[in-house]
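S.K.: I have a structure here, written as structure tokens, and I will follow up with some questions on it.
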Amino acid sequence: MAVPKKKTSRMRRNMRRSHDALKSGAFVADKETGNLRRPHHIDLKSGVYRGRQVLEPVED
């Protein structure tokens with residue numbers, strides 16, 4: 001069984017854990033509608049992806 005030779009300090013442990021924090025999602029404003037959407041995803045309200053109509057628009 002592997003056993004560490006020295007105790008990991010609080011500072012070193014917390015520096016390692018600094019990368020585990022959740023990041024906020026990336027959103028961009030759509031050029032035509034101005035709605036927020038995720039990059040490289042279909043705009044679900046208008047159904048447009050990269051300038052092409054992919055899905056039927058959703059009626060509110």
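The values are calculated or read from the model by the stated rules, or taken from the named source; none is laboratory data. Predicted model, so just to flag it, every value in this text is computed and none were measured. Counting neighbours? That spans all protein chains shown, and the Cβs are built from the backbone with ideal geometry, glycine included. Remember, those area values only see protein heavy atoms, side chains included, never the ligands or the DNA or RNA. Shrake-Rupley method; radii C 1.70, N 1.55, O 1.52, S 1.80 Å.
S.K.: Taking the condition part of a loop (DSSP other than H, G, I, E, B) and in contact with a helix residue (DSSP H, G or I) (Cβ under 9 Å, 6 or more places away or on another chain), does THR8 pass?
M.R.: Yes; evaluated as a whole, the condition is true for this residue.
S.K.: Something else: Would you please name the residue that is surrounded by the most Cβ atoms within 10 Å (Cβ to Cβ), looking only at residues in the range 28-40 that are without any contact (Cβ under 8 Å) to a residue 12 or more places away in the chain and out of contact with any Pro (no Cβ under 7 Å at 6 or more places or on another chain)?
M.R.: Ranking the candidates gives ARG37 first.
S.K.: Enumerate the pairs (first residue in the range 41-60 and outside any strand (DSSP E or B); second residue anywhere and open to solvent by less than 100 Å² (accessible area, probe 1.4 Å) and of a type in the set (Lys, Arg)) with beta-carbon separation below 9 Å, excluding pairs fewer than 6 apart on the same chain, so at least 6 apart or on different chains.
M.R.: Final answer for the pair search is LEU44/ARG37; LYS45/ARG37.
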